[in-house]
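Written below as structure tokens is the structure these notes are about.
The values are calculated or read from the model by the stated rules, or taken from the named source; none is laboratory data. Quick caveat, the model's predicted, so the values are computed rather than measured. When we count neighbours, we look across all protein chains shown, and the Cβ atoms used for this are built from the backbone with ideal geometry, even at glycine.
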Amino acid sequence: MIFDKEIISSFYRSLPEKINDVRDQLQRPLTLAEKILYAHLADMKVLAGLRRGTDYAEFTPDRVAMQDATAQMALLQFMVTGKEQTAVPATVHCDHLIIGHRDGESDLKTALDFNSEVYDFLSSVCSRYGMGFWKPGAGIIHQVILENYAFPGGLIIGTDSHTPTAGGLGMLAVGVGGADASDVMAGLRWELKVPEIIGVRLTGKLNGWTSPKDVILKLAGLLTVKGGTDRIIEYFGEGASSISCTGKATICNMGAETGATCSVFGYDKPMSDYLRATGRASVADIADGISSLLNSDPEVNDFPEKYFDRVIEINLSELEPHINGPFTPDRAIPVSHMKEEAEKNGWPLKISAGLIGSCTNSSFEDLSRSASVIKNAVSSGLGLKAEFIVIPGSEKIRNIAEKKGILDIFRQAGGRIFANACGPCIGQWLRDDGTEMKANTIIHSFNRNFAKRADGNPETHAFVASPEIVTAMSVAGDLTFNPLTDTVVNSKGRAVKLPEPEGDPLPEKGFEETMNGYQEPAKDKSHVEVKIRPGSARLQLLAPFEEFDPKNFRNMILLIKAKGKCTTDHISMAGAWLKFRGHLENISENYMTGAVNWFNGLTNLVVNQLTGEAGTVPSVARAYKSAGLSSVVVGEENFGEGSSREHAALEPRYLGVKLIIVKSFARIHETNLKKQGILALTFADGNDYERIREDDRFDVEGLESFAEGSRIRLKIIHSDGSSEYIETNHSYNENQISWFKAGSALNLIRKSNT
């Protein structure tokens with residue numbers, strides 16, 4: 001089945017004229033990212049004056065995708081716009097709410113029972129408003145999109161930070177907050193700061209133990225977790241064509257860990273092969289005929305320094321497998337250096353669990369190469385020394401892996417197959433192996449490894465590697481093991497060196513056509529009722545936020561000054577809290593509970609300045625709100641790094657936080673804050689962070705004349721009666737200021753429909 005066939009065909013028919021128009025206006029060769037992005041401009045007349053990395057523009061995405069955790073709030077927002085039908089094709093994918101515990105079958109049954117009201121709500125909304133619905137067990141959103149919806153040259157937005165996975169099929173795919181998604185579904189244009197472009201030239205060819213995962217593991221180390229912010233990463237060079245389509249998707253997926261807006265590869269034969277293997281030969285036929293439009297211009301490849309804002313070169317032939325971590329995905333360690341690093345830092349050396357799959361590395365190629373490692377180990381008298389968990393990315397993958405005997409290889413060695421869902425990757429992992437709150441090491445092929453992310457244990461040292469390396473390390477059971485050089489002693493006392501992994505990019509005869517778990521929207525919507533149980537603890541209709549009032553920005557009180565890394569996992573934890581994603585009041589009880597308080601070094605403990613007593617962050621925020629006081633949050637660099645979850649912006653707004661001041665923001669979180677009517681500012685001088693005291697009050701000056709490009713002055717009033725001023729910057733444009741003054745972007749949409 002080919003979704004959006006006419007939309008795709010129509011887009012390809014119009015693409016030559018659009019690209020010619022872009023080239024005529026810019027009068028220079030074009031990168032691939034520019035071709036795709038500018039072909040989706042809402043108004044081509046603004047193109048000539050656009051400055052990359054500075055100016056905002058409006059775009060028209062081809063599709064919207066949502067996963068079940070973020071979809072709840074996105075759809076609750078969409079419902080209040082008054083629209084009867086989504087303006088662009090949209091889908092919801094149920095992948096986040098399934099807890100990995102025993103095995104796929106039993107875990108899925110548990111999820112269906114526990115989350116039935118949420119699934120009923122999502123299913124009914126999709127049917128009512130014309131959206132496709134992928135039921136629990138059908139697969140992880142990014143893999144399902146890659147297999148069914150992604151097409152070279154297209155533009156998709158999704159309410160998950162790893163939406164860029166579709167860049168592996170030549171698509172610009174951008175993670176956004178739910179408010180952005182609901183806006184686009186309501187028919188509004190999508191606003192984005194025009195990204196700068198990082199060109200990554202790939203030379204040589206991967207070999208041996210090295211895999212596509214190692215490309216992004218190395219790049220994350222080079223760029224760091226914020227080096228890609230407001231930038232697109234575009235891969236090019238002869239090395240790029242040697243990587244499979246799903247390998248490219250892995251690289252694009254984890255580009256989110258650099259803060260990148262998205263990542264993309266040019267169209268090539270591996271992409272064409274993948275389209276054909278997944279039943280989309282007609283799309284491949286068209287794309288094959290216009291391949292020059294789906295790649296950067298030749299001059300860009302020849303002289304990349306002239307057209308990219310930064311150029312990085314990676315020689316695939318010389319690339320070594322990497323292991324990144326712990327606690328951050330950009331600590332890149334070549335496997336040959338891990339022994340030295342682990343011993344120097346005192347990391348637990350015994351591997352308690354190895355996990356492969358998830359949205360990042362669950363392709364047929366990934367699973368077949370990992371299975372070859374297990375098969376070779378077993379035939380040499382070796383077994384698994386760590387718990388081993390496999391997470392297929394979709395029903396299509398699980399089905400072919402089952403029929404090819406791949407999953408049986410894992411099972412026979414003692415591995416467990418979890419459901420086609422996110423599971424441990426997002427904290428949905430119920431461990432019962434005695435590791436609770438104990439120091440231990442896990443290694444996985446996922447994308448993130450923040451503290452407590454996988455299992456809620458801050459002492460779990462999580463490392464990220466390719467599926468092949470994870471599998472080999474699970475056989476050895478030792479973090480210091482290097483499969484390129486080291487041996488493992490088998491049951492007969494013989495030292496065994498593991499052979500290099502082998503596997504095919506695609507099954508020989510392609511994938512079987514399966515639409516298991518897909519629900520089409522109702523043809524007659526008149527009788528469809530959106531299902532929300534009365535008195536539900538998990539779903540709650542939204543009430544509009546109040547509009548801007550200058551008095552709310554006077555005598556503001558500090559809620560928390562966060563110290564160090566403050567990701568969306570710190571701001572609004574996932575794990576057990578996922579069940580409240582559709583209930584703003586209830587989920588607000590997790591706001592900033594993982595953030596470290598600068599004044600006491602503790603999490604979720606701040607002083608209530610009205611009573612002098614200590615309390616949790618949410619309880620103190622509610623106390624300030626009840627007293628009619630707006631509150632302030634202060635943070636450091638890359639605040640809001642990680643997931644796209646807009647709850648990290650909705651919760652503070654609900655709790656009365658009106659102002660957040662940090663040294664720098666992560667892209668998606670900053671946009672989410674703006675959408676919800678929160679004033680998001682950055683210190684003009686980062687050293688001013690140090691000047692904030694625990695009992696400070698704040699006045700924001702000059703908001704009545706809030707304008708694009710202006711600075712905002714804050715008066716800080718100390719408890720001793722003294723005061724001082726600091727300067728702050730903002731990135732609001734005229735349109736975003738209108739959101740702020742309306743109280744939220746949603747308020748503005750609602751006004752336009754009345």
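Quickly run through the range 193-205 and pick out the residues that are within 15 Å of Glu313 (Cβ to Cβ), of a type outside the set (Lys, Arg) and outside any strand (DSSP E or B). Result: Gly204, single match. Just checking, does the range 649-671 include any residue being surrounded by fewer than 15 Cβ atoms within 10 Å (Cβ to Cβ) and charged (D, E, K, R)? Among the residues of the range 649-671, not one is surrounded by fewer than 15 Cβ atoms within 10 Å (Cβ to Cβ) and charged (D, E, K, R), which makes the answer no. The single condition among (1) assigned to a loop (DSSP other than H, G, I, E, B); (2) over 18 Å from Ser643 (Cβ atoms); (3) of a type outside the set (Ser, Thr, Tyr) that His461 does not satisfy is (1).
What's the total number of residues in the range 87-112 that are closer than 13 Å to Lys579 by Cβ and either in contact (Cβ under 8 Å) with a residue 40 or more places away in the chain or not polar (S, T, N, Q) (or both)? Within the range 87-112, residues that are closer than 13 Å to Lys579 by Cβ and either in contact (Cβ under 8 Å) with a residue 40 or more places away in the chain or not polar (S, T, N, Q) (or both) number 5.
Taken over the range 464-497, residues that are part of a loop (DSSP other than H, G, I, E, B), charged (D, E, K, R) and in contact with a Gly (Cβ under 9 Å, 6 or more places away or on another chain) amount to 2.
This table checks each residue for (1) touching a residue at least 60 places away in the same chain (Cβ under 8 Å); (2) in contact with a strand residue (DSSP E or B) (Cβ under 9 Å, 6 or more places away or on another chain); (3) under 21 Å from Ile141 (Cβ atoms).
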residue: Ser10; (1), (2), (3): no, no, no
residue: Lys18; (1), (2), (3): no, yes, no
residue: Leu30; (1), (2), (3): yes, no, no
residue: Gly53; (1), (2), (3): yes, yes, no
residue: Ala65; (1), (2), (3): yes, yes, yes
residue: Ala74; (1), (2), (3): yes, yes, yes
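Scanning the range 538-551 for residues that are under 23 Å from Glu701 (Cβ atoms) and out of contact with any Asp or Glu (no Cβ under 8 Å at 6 or more places or on another chain) yields Phe545, Glu546, Glu547, Phe548, Asp549, Lys551.
Return the total of residues in the range 420-455 being in contact with a Leu (Cβ under 9 Å, 6 or more places away or on another chain), at pLDDT below 95 and among the β-branched types (Val, Ile, Thr). Looking only at that region, the number is 1. Out of all the residues in the range 654-664, which are touching a Gly at 6+ places or on another chain (Cβ under 6 Å) and in a strand (DSSP E or B)? Of everything in the range 654-664, just one residue is touching a Gly at 6+ places or on another chain (Cβ under 6 Å) and in a strand (DSSP E or B), namely Val662. Taken over the range 350-374, residues that are under 14 Å from Val470 (Cα atoms) and in a loop (DSSP other than H, G, I, E, B) amount to 3. When you scan the range 148-168, how many residues do you find that are surrounded by fewer than 24 Cβ atoms within 10 Å (Cβ to Cβ) and in a helix (DSSP H, G or I)? Total satisfying the criteria: 1.
Listed here are the residues, each with its yes/no results for (1) touching a Ser or Thr at 6+ places or on another chain (Cβ under 7 Å); (2) of a type in the set (Lys, Arg); (3) in a helix (DSSP H, G or I); (4) modelled with pLDDT under 95.
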{"site": "Ile668", "(1), (2), (3), (4)": "yes, no, yes, yes"}
{"site": "Thr671", "(1), (2), (3), (4)": "no, no, yes, yes"}
{"site": "Lys674", "(1), (2), (3), (4)": "no, yes, yes, no"}
{"site": "Ala680", "(1), (2), (3), (4)": "no, no, no, no"}
{"site": "Asp695", "(1), (2), (3), (4)": "yes, no, no, no"}
{"site": "Thr728", "(1), (2), (3), (4)": "yes, no, no, no"}
{"site": "Asn735", "(1), (2), (3), (4)": "no, no, yes, yes"}
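Of the residues making up the range 34-69, those that are surrounded by 24 or more Cβ atoms within 10 Å (Cβ to Cβ) and farther than 20 Å from Met171 by Cβ are Asp68, Ala69.
Of all residues in the range 459-496, those being on the phi < 0 side of the Ramachandran plot and surrounded by fewer than 13 Cβ atoms within 10 Å (Cβ to Cβ) number 6. Taking the range 211-321 as the region of interest, the helices (runs of 4 or more DSSP H) fully inside it that hold 3 or more residues being touching a strand residue (DSSP E or B) at 6+ places or on another chain (Cβ under 8 Å) are 212-223, 245-254, 304-307. If the condition is being among the hydrophobic types (A, V, I, L, M, F, W, C), touching a helix residue (DSSP H, G or I) at 6+ places or on another chain (Cβ under 9 Å) and modelled with pLDDT of 95 or more, then the range 2-46 contributes Ile8, Phe11, Leu15, Ile19, Val22, Leu26, Leu30, Leu32, Ile36, Ala39, Leu41. Within the span defined as the range 685-693, every residue fails to be at positive phi and among the small types (Gly, Ala, Ser). If you go through the range 549-562 and keep only what is modelled with pLDDT under 95 and in a loop (DSSP other than H, G, I, E, B), you end up with just Asp549. The set of residues in the range 568-602 that are assigned to a strand (DSSP E or B), in contact with a strand residue (DSSP E or B) (Cβ under 6 Å, 6 or more places away or on another chain) and modelled with pLDDT of 95 or more comprises Val596, Asn597. Kindly indicate the residue of the range 513-522 that is modelled with pLDDT under 90 and either in contact with a Gly (Cβ under 9 Å, 6 or more places away or on another chain) or over 22 Å from Ala421 (Cβ atoms) (or both) and also surrounded by the most Cβ atoms within 10 Å (Cβ to Cβ) among those meeting that condition. So, considering only residues that are modelled with pLDDT under 90 and either in contact with a Gly (Cβ under 9 Å, 6 or more places away or on another chain) or over 22 Å from Ala421 (Cβ atoms) (or both), the one surrounded by the most Cβ atoms within 10 Å (Cβ to Cβ) is Asn516. Of all the numbered requirements in (1) free of Cβ contacts under 8 Å to residues at least 60 places away in the same chain; (2) in the same structural domain as Pro467 (by TED's automatic domain parsing), Glu305 misses one, and that requirement is (2). Here is a check on your reading of the model: is Gly414 buried (at least 23 other Cβ atoms within 10 Å of the Cβ), at positive phi and in contact (Cβ under 8 Å) with a residue 24 or more places away in the chain? Spelling it out, it is not the case that Gly414 is buried (at least 23 other Cβ atoms within 10 Å of the Cβ), at positive phi and in contact (Cβ under 8 Å) with a residue 24 or more places away in the chain.
Sub-6 Å Cβ pairs linking a first residue in the range 371-399 that is assigned by TED's automatic domain parsing to the domain that holds Thr435 and surrounded by 23 or more Cβ atoms within 10 Å (Cβ to Cβ) to a second residue that is of a type in the set (Lys, Arg) and part of a helix (DSSP H, G or I), at least 6 apart or interchain, are Pro392/Arg398, ordered by first then second residue.
Flag not set for Pro550, criterion: farther than 29 Å from Gly259 by Cβ, touching a Cys at 6+ places or on another chain (Cβ under 7 Å) and touching a residue at least 12 places away in the same chain (Cβ under 8 Å).
Does the range 501-512 contain at least one residue that is surrounded by 13 or more Cβ atoms within 10 Å (Cβ to Cβ), at pLDDT 95 or above and part of a strand (DSSP E or B)? No, the range 501-512 contains no residue that is surrounded by 13 or more Cβ atoms within 10 Å (Cβ to Cβ), at pLDDT 95 or above and part of a strand (DSSP E or B).
Residue count for the range 175-209 satisfying the condition of being crowded, with 24+ Cβ neighbours inside 10 Å and of a type in the set (S, T, N, Q): 1.
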